[in-house]
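Working notes, structure below.
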Amino acid sequence: MPALQTGAEVEPISPYLRFSRDEWARLRASTPLTLTEAELAALRGINDAVSLTEVAEVYLPLSRLLNLYVSAIQSLHKATDTFLGHLPAKVPYIIGIAGSVAVGKSTMARILQAVLSRWPDHPRVDLVTTDGFLYPTAVLEERGLMDRKGFPESYDQRRLVRFLKEIKRGAPEVAAPVYSHLSYDIVTGAYQKVCQPDVLIVEGLNVLQTGDLRVQARGARIFVSDFFDFSIYIDADEQTIEGWYVARFLKFRETIFRDPRSYFNRYADLTKAEAIDKARSIWREINGPNLRKNIEPTRERAQLILRKGGDHHVEEVRLRKL
C-alpha cells in the first residue's frame, strides 16, 4: 500500500538536537555567573566581542552540561576500577575544540576553561593548543610545507597522539611543546607541563580529523579524537570567517607585526589596502582551502556545534543525541 501523501514537508533525520540561542540559554538553570567583566576582558581575543551576556547564555549552559558529563564519566571510571579490583585512578576528562582560523576557538577555550574551573568537582582545568605540535619552521621549510602550515601534514601527529595517550593513562606529568605566535615557530626547550588535571581542553584546527591524521599502533588506527570525551566545533559561513580573518590581520598589522622580532614584521608597513589584499590572498591560497578540505568536513563528528552569526555571537547550538 503506498505511503499517505500529506503535503507537509518532512524534516530530514538529524543526529543533533537543535536549539535557538534563547532555548539554549534557558538550560543554564540556576548556574551562577561568577566571571567578572575584568576577568572576561583578559580572556577575549582580538576582535572577539564576547560579552558577559554571551557567557551567561552560551557558556554557562555548556558548563552545566559538561559538569554533568564529567561527573558521569568519573562515576563510570570508579565503577570499572571497582569491578577490576584496582585502586581508583585519576583519568582527566578531555574536551576537543575545532574550527577554522579566526573563528574564535582560542577565546572560547579560555572562557570555557575559566567557567569549568569554578565547578567544585573539577577545579583544575588545563588548556593545550595543538600549535605546539606543529613541526618547527626548519622542518617545514625543508619539506616545502611553509605554505601548508595548519594543514594536517604540518603537524607532528604521532607526538600529539603520544601526548594524549599519556594524559589518559594518568601519567603524573606530561610535557607539551610551546609555540610562539611572535616568532611563528616552536620555542626550543620550552614546555607546558600538564599534571593530572581534572579536565583538559585541547584546541586546534584539525583535532577532529581522520584520514591522513591516523597513526598506526599495533595494527590499529588511532586518531586524536579517540582520546576526547567531548568535542565542540565552532561554525560560521566561510565568507564571514574570511572577514574576521582580514579584520584580525589589520589589527595585527597595527600591533604584533610592528615588533621587530615578529615573523610578520614585513607586513607592518603595508598600507591598509595592501594589507587587505595580502590577507585575502592568504585566505584564498591557504586558510580557505584548508577549511573546505580538512576542517569543515569534520564538523559533524563533533558532539556540539556552535553556529555563529556575523557579529561573532552564537546564534544556534546543536547537541548530538546520545
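The values are calculated or read from the model by the stated rules, or taken from the named source; none is laboratory data. The structure displayed is predicted, hence computed values, not measured ones. No Cβ is skipped: glycine too gets one built from the backbone with ideal geometry, and neighbour counts run over all protein chains shown. All accessible areas refer to the heavy atoms of the entire protein, side chains included, with ligands and DNA or RNA removed. Shrake-Rupley method; radii C 1.70, N 1.55, O 1.52, S 1.80 Å.
Quick notes on this structure:
- With all protein chains kept in place, the per residue accessible area of the range 104-186 amounts to 44 square angstrom at a probe of 1.4 angstrom.
- Local net charge near E296, Cβ-Cβ under 15 Å (Lys/Arg +1, Asp/Glu -1): +3
- Given charges at beta-carbon only (K, R positive; D, E negative), |dipole| of the chain in Debye: 720 debye
- Percent accessible area from carbon and sulfur atoms, the range 98-143, protein chains only, probe 1.4 Å: 47 percent
- Per residue, the range 17-57 exposes 57 Å² of accessible surface when a 1.4 Å probe is rolled over the protein heavy atoms with every protein chain present.
- A rounded overall shape is assigned to the chain, the ratio a/c of its alpha-carbon gyration tensor axes (a ≥ b ≥ c) being less than 1.5.
- Apolar share of the accessible surface for the range 179-322: 46 percent from carbon plus sulfur atoms, 1.4 Å probe.
- Area of V178 that stays accessible when all protein chains are in place (1.4 Å probe, Å², to 10): 50 Å²
- Cα-based Lys proximity count in the chain, under 18 Å, for pairs eight or more positions apart or on separate chains: 14
- Each Lys or Arg adds one and each Asp or Glu subtracts one; over the other residues with Cβ under 15 Å from the Cβ of A41, this totals -2.
- When the helices of the chain are scored as -39500 (n - 2.57) per DSSP H run of n ≥ 4 and the total is divided over every residue, the value at 222 nm lands at -9500 deg cm²/dmol.
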